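K.L.:
Right, I'll just put the structure down here and ask away after.
The values are calculated or read from the model by the stated rules, or taken from the named source; none is laboratory data. Here the structure is a predicted model, which means the values were calculated and not measured. Cβ placement follows ideal geometry from the backbone for every residue including glycine, while neighbour counts extend to all protein chains displayed. Areas reflect the complete protein model, heavy atoms only, side chains present, ligands, DNA and RNA absent. Shrake-Rupley method; radii C 1.70, N 1.55, O 1.52, S 1.80 Å.
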Amino acid sequence: MYGRWAAVKPKTFDRNLIVIGGGAAGLVSAYIAAAVKAKVTLIEANKMGGDCLNYGCVPSKALIKSAKLAHQMQHAAHYGLASSTPQFSFRGVMQRVTDVIKQVAPHDSIERYTALGVDVVEGYATVVNPWTVEIKDKTGQTRTLTTRSIVIAAGAKPLVPALPGLDDVGYLTSDTLWHALSQYADIPKRMVVLGGGPIGCELTQAFARLGSRVTQIEMSPRLLVREDADVSSLVERELRLDGVDVLTAHQAIRCEWQGTEKVIVVSHAGTERAIPFDELICAVGRQARLTGYGLEALGVPTDRTIETDAYLQTIYPNIYAAGDVAGPYQFTHTAAHQAWYATVNALFGDFKRFAADYRVIPWATFVDPEVARVGLNEQSAKALGIPYEVTRFALEDLDRAITDSETKGFIKVLTPPGKDRILGVTIVGAHASDTLAEYVLAMKKGLGLNQILGTIHTYPTMAEANKYVAGEWKRAHAPARLLALLERFHTWRRH
Ligand SMILES: Cc1cc2nc3c(=O)[nH]c(=O)nc-3n(C[C@H](O)[C@H](O)[C@H](O)COP(=O)(O)OP(=O)(O)OC[C@H]3O[C@@H](n4cnc5c(N)ncnc54)[C@H](O)[C@@H]3O)c2cc1C
């Protein structure tokens, strides 16, 4: 691959590593490089912290918290208090979201990373050859730096569907909605959320709970299609209880103005219907940033993401990719995980290389109740032809869930037939994203349900459900012949 670049290969390098992008993947790459005393430059064109801090995880979770509180006030009678309609200014809610971002921002700031030993540069990076990166700053000035290795951590951007009329009526995405909605004194009365994936479901529920009449449109027959059908139906039921008009198996056809109203026309079972709205949010997925910064000229193969091998290396062995731009996962924690491999391989790969380990990947959708998963669920086990048994425990039988009136949901554990090894776990319930952690460790360390059963869990906690589901598994696998023998033994001892 280097043949055509031989003439421009520098004899010495300005840097050991240049990292393109200051989101989760880029920050972790730069952090690790600086920690092991490499000379590293991190280049960020927009905002330090990337999607997660500025447009993703942090603002969405802040919004969800306010929405949940509003919901609890409306349902306070559930807890023996007087239900009330929460009095609030939407502007205040959105201001809190901005404040939360500001509070987290120092963790990802130029100051912090500079103090850690990273050379942070604000500007747009272009890879001009395998060892040279050009940086254009905000004033249009450019400079170049040479480097032994590069980690591309350029992230992803919202996918905007090719829907006729969409540009005419206008739309928001996760990139624009936080700023746009912070300009509103009151929440838009009628919102449409296009997309029934995790981001769509989280935003739908939050806006509905804050008082908007939300219509959620999803082409597939159910929400959260990567999860099992029982999970999707529970989430859909909850969204409906929050007042959302959930339209699954509905295809968006076009957007248009009808008089002074903006509408989206959807089709379902051959019938079209127009839904008027004040704001439309596109949440139909995110696509890796693959163009405009040199990959094309270098001939780095891309499909939906940058193509990398198990070591996160592109076809140029000194150029690596990590995070959303590398896929296949689109999470902050997988971006950080990949960043470790990309950086360590970039800096030390000549001596020892590490293949990225994707065996145990957890994730969560922060709807209420939360949905969390690690490993296989039923539909993925079936698709892979992996035999499994299911053990379930309903949260309605858990003391802590009852004390908190948070009994909706279940834990579902998949194990190989007759064995306690954990193939995968789905939890639907309050704090599912936290409760999942025990299984993530168990799977990582090869611990089975017997070990979880033999572990003391604090009473009363949601985590105790992990022990109870292990107990369910044990009961179902009790040694029947041995128990019959024991019964005879005890009978004999009584005589
Ligand atoms: C609404 C929403 C909610 C989410 N919630 C969660 C959640 O709860 N949990 C979770 O794990 N994940 C969540 N995610 C996903 C998470 O935000 C991403 O997976 C994560 O941010 C990916 O990090 P990254 O470093 O790969 O990319 P990014 O964070 O996108 O960072 C890439 C950076 O590269 C910069 N860049 C790109 N090209 C150049 C260039 N040529 N020169 C210089 N800089 C460049 C960009 O400006 C950007 O800042 C959410 C996402 C959204 C949109």
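K.L.:
Here is a list: 395, 414, 449. Which entry is at pLDDT 95 or above, in contact with a Phe, Trp or Tyr (Cβ under 9 Å, 6 or more places away or on another chain) and under 21 Å from residue 68 (Cβ atoms)?
P.N.:
395
So that you can scan it fast, the table gives a plain yes or no per residue for (1) open to solvent by less than 30 Å² (accessible area, probe 1.4 Å); (2) in contact (Cβ under 8 Å) with a residue 40 or more places away in the chain:
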position	(1), (2)
87	no, no
90	yes, yes
93	yes, yes
98	no, yes
116	no, yes
123	yes, yes
126	no, yes
130	yes, yes
135	yes, yes
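K.L.:
Among the candidates 102, 138, 61, single out the residue that is closer than 27 Å to residue 306 by Cβ and of a type in the set (D, E, K, R).
P.N.:
Among 102, 138, 61, only 138 is closer than 27 Å to residue 306 by Cβ and of a type in the set (D, E, K, R).
K.L.:
Do you know which residues across the range 139-175 are among the basic types (Lys, Arg) and within 14 Å of the ligand (Cβ to nearest atom)?
P.N.:
Those that are among the basic types (Lys, Arg) and within 14 Å of the ligand (Cβ to nearest atom): 143, 157.
K.L.:
Let me ask something else about it. Could you tell me which numbered condition residue 199 fails, if it satisfies all but one of (1) within 11 Å of the ligand (Cβ to nearest atom); (2) open to solvent by 40 Å² or more (accessible area, probe 1.4 Å); (3) assigned to a loop (DSSP other than H, G, I, E, B)?
P.N.:
Among (1) within 11 Å of the ligand (Cβ to nearest atom); (2) open to solvent by 40 Å² or more (accessible area, probe 1.4 Å); (3) assigned to a loop (DSSP other than H, G, I, E, B), the lone unmet condition for residue 199 is (3).
K.L.:
Same structure again: Among the residues of the range 314-333, how many are surrounded by fewer than 24 Cβ atoms within 10 Å (Cβ to Cβ), within 13 Å of the ligand (Cβ to nearest atom) and not aromatic (Phe, Trp, Tyr)?
P.N.:
5
K.L.:
Right, next: Please go through the range 275-298 and give me each residue that is part of a loop (DSSP other than H, G, I, E, B), more than 9 Å from the ligand (Cβ to nearest atom) and surrounded by fewer than 18 Cβ atoms within 10 Å (Cβ to Cβ), ordered by number.
P.N.:
278, 285, 291
K.L.:
Looking only at the range 27-42, count how many residues are touching an Asp or Glu at 6+ places or on another chain (Cβ under 8 Å) and surrounded by 24 or more Cβ atoms within 10 Å (Cβ to Cβ).
P.N.:
Count: 3.
K.L.:
Separate question: If you go through the range 334-348, how many residues are farther than 19 Å from residue 146 by Cα and either surrounded by fewer than 17 Cβ atoms within 10 Å (Cβ to Cβ) or without any contact (Cβ under 8 Å) to a residue 60 or more places away in the chain (or both)?
P.N.:
3
K.L.:
Also: Out of the helices (runs of 4 or more DSSP H) lying entirely within the range 1-100, which hold 2 or more residues that are basic (Lys, Arg)?
P.N.:
Per the criteria, 57-74.
K.L.:
Yes or no: residue 136 away from the ligand (no atom under 12 Å from the Cβ) and of a type in the set (Lys, Arg)?
P.N.:
no
K.L.:
Restrict the check to the range 401-408 and report whether at least one residue is closer than 18 Å to residue 473 by Cβ and either at pLDDT 95 or above or open to solvent by less than 10 Å² (accessible area, probe 1.4 Å) (or both).
P.N.:
no
K.L.:
Looking at (1) open to solvent by less than 10 Å² (accessible area, probe 1.4 Å); (2) within 16 Å of the ligand (Cβ to nearest atom); (3) farther than 19 Å from residue 130 by Cβ, can you tell me which one residue 395 breaks?
P.N.:
(2)
K.L.:
Separate question: Could you check residue 363 against (1) farther than 30 Å from residue 66 by Cβ; (2) assigned to a strand (DSSP E or B) and say which number it fails?
P.N.:
Failing condition for residue 363: (1).
K.L.:
Over 24 Å from residue 180 (Cβ atoms), among the hydrophobic types (A, V, I, L, M, F, W, C), within 16 Å of the ligand (Cβ to nearest atom) and open to solvent by 20 Å² or more (accessible area, probe 1.4 Å): is that true of residue 64 in this structure?
P.N.:
No: the conditions fail for residue 64.
K.L.:
So residue 192 passes all but one of these: (1) open to solvent by less than 10 Å² (accessible area, probe 1.4 Å); (2) within 16 Å of the ligand (Cβ to nearest atom). Which condition number does it fail?
P.N.:
Every condition holds for residue 192 apart from (2).
K.L.:
In the range 258-303, what residues are within 30 Å of residue 4 (Cβ to Cβ), touching a residue at least 24 places away in the same chain (Cβ under 8 Å) and within 23 Å of the chain's Cα centre (by Cα)?
P.N.:
Of everything in the range 258-303, those that are within 30 Å of residue 4 (Cβ to Cβ), touching a residue at least 24 places away in the same chain (Cβ under 8 Å) and within 23 Å of the chain's Cα centre (by Cα) turn out to be 287, 288, 289, 290.
K.L.:
Can you name the condition, by its number, that residue 104 falls short on among (1) in contact with a helix residue (DSSP H, G or I) (Cβ under 9 Å, 6 or more places away or on another chain); (2) open to solvent by 50 Å² or more (accessible area, probe 1.4 Å)?
P.N.:
Looking at each condition in turn, residue 104 falls short on (2).
K.L.:
Same structure again: Which of the following residues is within 21 Å of residue 407 (Cβ to Cβ), open to solvent by less than 60 Å² (accessible area, probe 1.4 Å) and touching a Pro at 6+ places or on another chain (Cβ under 8 Å): 432, 470, 465?
P.N.:
None of the other options fit; the residue is 432.
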